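Structure record follows, encoded as structure tokens.
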Amino acid sequence: MAALHIRDATAADGAALAALYAPFVTDSWVSFETQAPDAAEMATRISSHGSSHGWVVAELDGAVMGYAYAS
């Protein structure tokens, strides 16, 4: 069984995080956002706030499965 790996997020994770988040914006009432951010916007959010607020991703077999951040 593969182990889940938690690591700091980087701007390079923008596309994976955007793909994970989009259904919560478009198909549910979980987010207050009305348009799902794209990969570039997610990368900007990570870069802009990552130094002062933690962003982490969870990987399984090298694929990003989830993320969390502080604000």
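The values are calculated or read from the model by the stated rules, or taken from the named source; none is laboratory data. On a predicted model such as this, the values are computed, not experimentally measured, just so you know. Cβ atoms come from the backbone with ideal geometry, glycine included; neighbour counts cover every protein chain shown. Calculation scope for accessible area: heavy atoms of the full protein, side chains included, ligands and nucleic acids excluded. Shrake-Rupley method; radii C 1.70, N 1.55, O 1.52, S 1.80 Å.
Remark: spin-label model distance residue 69-residue 52 equals 1.3 nm, labels positioned 7 Å along the Cα→Cβ axis.
Could you work out what % of the accessible surface of the chain is carbon and sulfur, using a 1.4 angstrom probe and leaving DNA, RNA and ligands out of the count? Of the solvent-accessible surface of the chain, carbon and sulfur hold 60 percent. For the chain, the longest principal axis of the C-alpha atoms and the axis of helix 39-49 are separated by about 80°. Think of each Lys and Arg Cβ as +1 and each Asp and Glu Cβ as -1; about the Cα centre, that makes the dipole of the chain roughly 140 debye.
Relative to the current alpha-carbon distance between residue 10 and residue 35, full extension at 0.36 nm per residue lengthens the span by 6.8 nm. Surface analysis of the chain yields an accessible area of 67 Å² per residue, using protein heavy atoms and a 1.4 Å probe. In loop segments of the chain as defined by DSSP, the chymotrypsin sites (Phe, Trp or Tyr not before Pro) with at most 11 further C-beta atoms inside 10 Å of their C-beta are 29, 32. Helix 14-26 and the long axis of the chain differ in direction by around 50°, with both axes built from C-alpha atoms. Toward the positive end of the charge dipole of the chain, with +1 on the Cβ of Lys and Arg and -1 on the Cβ of Asp and Glu, the farthest Cα among 63, 6, 23 is that of 6.
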